[in-house]
Amino acid sequence: MNSAIILNSRPIGKPASNDFKFVEEQIPVPDDREILLKALYVSVDPYLRGRMSDAKSYMPSFELAKPLQSAIIAEVTDSNHSGYKIGDIVSGNLDWKEYQVSTGEGLQIIHTAEIYLSAYLGILGMTGIAAYLGLTLIGAPQPGETMVVSGAAGAVGSIAGQIGKIMGCHVIGITGSDQKAKLLKSKFHFDEAINYKNTVDLTRAIKTACPNGVDIYFDNVGGKISDAVLNNINKNARVPLCGAISMYNETSQLMGPYVQPLLIAKSALMQGFIVSDFSDKLPDAKKQLFSWLRSGKLTYHETIINGFEKIPEAFLGLFEGKNEGKMIVKV
Ligand SMILES: NC(=O)c1ccc[n+]([C@@H]2O[C@H](COP(=O)([O-])OP(=O)(O)OC[C@H]3O[C@@H](n4cnc5c(N)ncnc54)[C@H](OP(=O)(O)O)[C@@H]3O)[C@@H](O)[C@H]2O)c1
């Protein structure tokens, strides 16, 4: 039998395990010009929270009683398609199913024996690319500048900070535990790390860690953490808005500080982006990340949870900071 995970209910506030439902079905048989795929690695990502709601956004909402989807690495186990053979490994935006058929549309064959497959969901996937393009195109780092990253020990943040170091910046990470703060310095070579959960005055802690002020703030979390960083920005600062996970489960309109006077006074740039804005730059971004990875300039970390049945739990764990680096489920 085949297992699938469908959207059982639209979460109100923080998603819970009963928003997901497991269903059993027959393993499908590929038709003409179709392939059968077996899921190997499943990416869980904060943006899926938005797709679970029915609010309009840049990606369509998941439908109730239909499978959720995310980036998945899968193996071709049967093929009636001339472009794919049994044993090929592909990546694509696929249903949360152990087995599924596909026409091959939107899939990419992964040809490599050098890099762990799961890396194609993280450093060589959407999160690594978001870090690279958001930082280089909007953050525009210059040697000697000070850069702060929030969500720093996560998939995007850990790569953004390392790229900041490659570009010659002084890099400070904000994260949610002492263990993660340690990881930022020992594995990713951040200059300083701040645990926001045990820091009483974050504005002051950032000021102390950034004596020359903040030139770039790579924002993965939004909310109060970002308010504290913005209190420390320099003239001509750049603020790539990558994510706002601290606000994704809010049910009411949050009232934060109004940032316009600050941005004017500092001649600062704040720009939101989604990876697909830069679709023409994706191949070059992947090439650069791959090259830094191979040369050892970049490294990455993963939290791998075993078992298809753990996908909802892994997803829910993102909102509790249970991951270090990219959260991935190995089926
Ligand atoms: N713009 C784009 O194209 C793009 C692409 C990929 C991701 N994103 C966004 O980038 C951000 C990071 O994504 P990711 O995939 O790398 O996830 P991630 O950082 O690997 O995982 C989420 C992390 O967010 C932190 N977090 C959870 N709740 C929080 C809260 N209330 N306040 C502060 N931090 C909280 C947790 O770390 P702590 O232990 O540190 O709290 C958690 O480990 C997300 O906001 C995501 O939506 C955007």
* Asked: To the nearest 20 debye, what is the magnitude of the charge dipole of the stretch 151-255 about its Cα centre, counting +1 on the Cβ of each Lys and Arg and -1 on the Cβ of each Asp and Glu?
  -> 220
* Asked: What is the mean projected area of the alpha carbon convex hull for the stretch 81-130, to one decimal in square nanometres?
  -> 4.2
* Once amide H atoms are placed 1.01 Å from N in the peptide plane, what residues at a sequence separation of 5 or more from H170, or on another chain, have their amide H within under 5 Å of its amide H? -> G144, E145, T146, M147
* Asked: At a 1.4 Å probe radius, carbon and sulfur cover how many percent of the accessible area of the chain?
  -> 51
* Structure fact -> Relative contact order in percent for the stretch 20-120 (Cα pairs under 8 Å, 6+ apart) equals 33
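How do H301, H170 stack up against each other in accessible area, from largest to smallest, with a 1.4 angstrom probe?
Greatest to least solvent exposure: H170, H301.
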* Structure fact -> Per residue, accessible area of the chain with a 1.4 Å probe, heavy atoms of protein chains only, in Å², comes to 47
* Structure fact -> Summed over the other residues with a beta carbon less than 15 angstrom from that of I129, with K and R at +1 and D and E at -1, the charge totals 0
* To do: Scale the Cα Rg of the chain by the rule-of-thumb value 2.2 N^0.38 Å and send over the ratio, two decimals.
  => 1.02
* **More than 18 Å apart - percent of Cα-Cα pairs taken over the stretch 1-130** => 57
* Asked: Based on the Kirkwood radius over alpha-carbon pairs, what is the Stokes-Einstein translational diffusion coefficient of the stretch 114-260 at 10 °C with 1.306 mPa s viscosity, in µm²/s?
  -> 104
* Within-13-Å neighbourhood charge of M147 [Cβ basis; K, R +1; D, E -1] -> -3
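Per residue, what volume in Å³ does the convex hull of the Cα atoms of the stretch 173-288 enclose?
147
Can you pull out the chymotrypsin sites (Phe, Trp or Tyr not before Pro) in the stretch 256-290 that DSSP calls coil and that have at most 13 other Cβ atoms within 10 Å?
Here the sparse-neighbourhood loop sites are Y258.
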* Asked: Nearest-5 percent of antiparallel DSSP beta bridges in the chain?
  -> 55
* Asked: Which ³J(HN,Hα) values, rounded to whole Hz and listed in residue order, are derived for the stretch 38-47 from phi using the Karplus coefficients 6.51, -1.76 and 1.60 in 6.51 cos²θ - 1.76 cosθ + 1.60 with θ = phi - 60°, glycine and proline given as x?
  -> 10, 5, 10, 10, 10, 8, 10, 9, x, 5
* Structure fact -> Distribution output for the stretch 261-331: share of Cα-Cα pairs per 10 Å bin in percent, first bin at 0, values 16, 23, 34, 22, 5, 0
* Asked: So what are the stretch 60-165's ellipsoid semi-axes, whole angstrom, largest first, if each one is the square root of 5 times an eigenvalue of the alpha-carbon gyration tensor?
  -> 33, 17, 11
* **Paramagnetic label zone (point 7 Å from Cα along Cα-to-C-beta, L254; backbone N under 16 Å) in the stretch 303-331** => 319-321
* Structure fact -> Treating every alpha carbon of the stretch 172-215 as one equal point scatterer without solvent, the Debye formula yields log10 I(q)/I(0) values at q = 0.15, 0.18, 0.26, 0.32 Å⁻¹ of -0.34, -0.48, -0.91, -1.13
* Cβ under 15 Å from S9's Cβ, S9 left aside: what net charge do those residues give with Lys, Arg +1 and Asp, Glu -1? -> +3
* Counting only the heavy atoms of the protein chains, how much of T103 is accessible to a 1.4 Å probe, in Å² to the nearest 10? -> 80
* Using the structure shown, list the pairs from K185/K266; K286/K310; K187/K207; K182/K207; K182/K326 with a Cα-Cα distance above 26 Å, or answer none. => K185/K266; K286/K310
* Asked: Where in the chain lies the longest segment free of GluC sites (Glu not before Pro) that are both loop residues by DSSP (not H, G, I, E, B) and have at most 14 other Cβ atoms within 10 Å?
  -> 115-249
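The values are calculated or read from the model by the stated rules, or taken from the named source; none is laboratory data. These figures come from a predicted structure and were not determined experimentally. Note: ideal-geometry Cβ built from the backbone for every residue, glycine included; neighbour counts use all protein chains shown. Ligands, DNA and RNA are stripped out before the accessible areas are found, and what is left, the full protein with its side chains, is counted by its heavy atoms. Shrake-Rupley method; radii C 1.70, N 1.55, O 1.52, S 1.80 Å.
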